[in-house]
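A short write-up of the structure that comes next.
The values are calculated or read from the model by the stated rules, or taken from the named source; none is laboratory data. Just so it is clear, the structure is predicted and the values come from calculations on it, not from any experiment. Here the Cβ is made from the backbone with ideal geometry for all residues, glycine too, and neighbour counts use every protein chain on show.
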Amino acid sequence: GAGVSQSPSNKVTEKGKDVELRCDPISGHTALYWYRQSLGQGLEFLIYFQGNSAPDKSGLPSDRFSAERTGGSVSTLTIQRTQQEDSAVYLCASSSASETQYFGPGTRLLVL
Amino acid sequence: AQSVTQLGSHVSVSEGALVLLRCNYSSSVPPYLFWYVQYPNQGLQLLLKYTSAATLVKGINGFEAEFKKSETSFHLTKPSAHMSDAAEYFCAVSEDGNNRLAFGKGNQVVVIP
């Protein structure tokens with residue numbers, strides 16, 4: 001079956017612009033996660049959704065970052081007024097009750 | 001809070017030799033432990049996971065890991081390295097089966113022919 005998909009695969013933007021990153025989880029998976037992977041910080045948790053609600057937003061680095069999930073499926077991570085330190089690979093994962101998180105291929109964001 | 005330590009960012013191993021990647025964790029509750037592999041320009045792929053069943057866990061591609069509570073360790077091994085094992089390997093811990101993962105810094109494995 002289809003895995004987790006993310007779009008776009010690559011995004012280049014100018015400092016100060018807003019970006020939206022999309023995640024399509026595996027069908028039927030109720031939990032959805034966003035992580036960020038960067039050279040300096042490694043893999044960092046950003047936010048976790050259970051259904052459409054986000055019980056854990058503690059990893060979002062600043063109020064420029066927000067995420068939503070609609071219909072218990074697709075999620076969008078929005079970064080406002082991007083900064084160069086936002087450059088990273090943004091990974092999405094989803095899981096059911098099996099504890100295993102399945103990851104998408106990621107979106108590579110470069111802020112110039 | 002949960003955390004994972006992986007020492008040695010780069011690990012070189014000869015083809016056919018033992019692969020050993022060390023992972024130590026910190027958790028206030030019985031943990032769920034995972035090893036993921038990442039090939040260049042790809043997402044993370046699950047190698048194996050420990051969820052309080054058998055302490056010796058077998059995964060894909062000939063990898064296995066042993067949970068040792070007394071040592072708070074979950075080291076990954078493979079008896080004989082293949083060239084295709086060249087990738088980055090991440091150990092991760094979760095205190096709840098359906099919650100955030102805390103990752104180690106990763107080990108970049110290079111296989112020498």
Only residues that are among the basic types (Lys, Arg) and farther than 29 Å from A:Pro25 by Cα: list them for the stretch B:1-54, please.
B:Arg22
Say we look at the stretch A:1-20 and pick out the residues that are within 12 Å of another protein chain (Cβ to nearest Cβ) and not hydrophobic (A, V, I, L, M, F, W, C); which of these is surrounded by the most Cβ atoms within 10 Å (Cβ to Cβ)?
A:Gln6
Here the qualifying pairs (Cβ atoms under 9 Å; residues six or more apart or on different chains; first in the stretch A:45-70 and within 14 Å of chain B (Cβ to nearest Cβ); second surrounded by fewer than 13 Cβ atoms within 10 Å (Cβ to Cβ) and not in a loop (DSSP other than H, G, I, E, B)) come out as A:Tyr48/A:Pro55; A:Phe49/A:Pro55
Of everything in the stretch B:57-74, what is in contact (Cβ under 8 Å) with a residue 24 or more places away in the chain and either within 21 Å of B:Ser3 (Cα to Cα) or among the acidic types (Asp, Glu) (or both)? Give them in sequence order.
B:Ala65, B:Phe67, B:Glu71, B:Thr72, B:Ser73, B:Phe74
Would you be able to say whether some residue in the stretch A:2-16 is touching a Pro at 6+ places or on another chain (Cβ under 8 Å) and assigned to a loop (DSSP other than H, G, I, E, B)?
yes
If we ask which residues in the stretch A:61-85 are in a strand (DSSP E or B) and either surrounded by 19 or more Cβ atoms within 10 Å (Cβ to Cβ) or of a type outside the set (D, E, K, R) (or both), their number turns out to be 9
Assuming B:Phe67 fulfils every condition listed in (1) farther than 14 Å from A:Thr100 by Cα; (2) within 13 Å of the chain's Cα centre (by Cα); (3) within 9 Å of another protein chain (Cβ to nearest Cβ) apart from one, which condition is it?
(3)
Select from the stretch A:21-44 the residues that are away from chain B (no Cβ under 12 Å) and closer than 13 Å to A:Cys92 by Cα and list them in ascending order.
A:Leu21, A:Arg22, A:Asp24, A:Pro25, A:Ile26
Would you say A:Ala88 is touching a residue at least 24 places away in the same chain (Cβ under 8 Å), buried (at least 16 other Cβ atoms within 10 Å of the Cβ) and closer than 26 Å to A:Ala2 by Cβ?
yes
Suppose we filter B:Ala54, B:Ala81 for residues that are assigned to a loop (DSSP other than H, G, I, E, B), more than 11 Å from chain A (Cβ to nearest Cβ) and modelled with pLDDT under 95; which single one remains?
B:Ala54
Could you pull out the residue among B:Lys69, B:Lys49, B:Lys58 that is among the basic types (Lys, Arg) and under 29 Å from A:Arg36 (Cβ atoms)?
B:Lys49
Return the residues of the stretch B:64-78 that are in a strand (DSSP E or B) and either closer than 13 Å to B:Tyr50 by Cα or in contact with a Cys (Cβ under 8 Å, 6 or more places away or on another chain) (or both); say none if nothing qualifies.
B:Glu64, B:Ala65, B:Glu66, B:Phe67, B:Lys68, B:Ser73, B:Phe74, B:His75, B:Leu76
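The rows are residues; the columns are (1) part of a loop (DSSP other than H, G, I, E, B); (2) among the charged types (D, E, K, R).
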position: A:Arg22; (1), (2): no, yes
position: A:Ser27; (1), (2): yes, no
position: A:Leu32; (1), (2): no, no
position: A:Phe45; (1), (2): no, no
position: A:Ala54; (1), (2): no, no
position: A:Gly59; (1), (2): yes, no
position: A:Tyr90; (1), (2): no, no
Filter the stretch B:88-113 down to the residues that are surrounded by 19 or more Cβ atoms within 10 Å (Cβ to Cβ) and away from chain A (no Cβ under 14 Å) and list them by number.
B:Val109, B:Val111
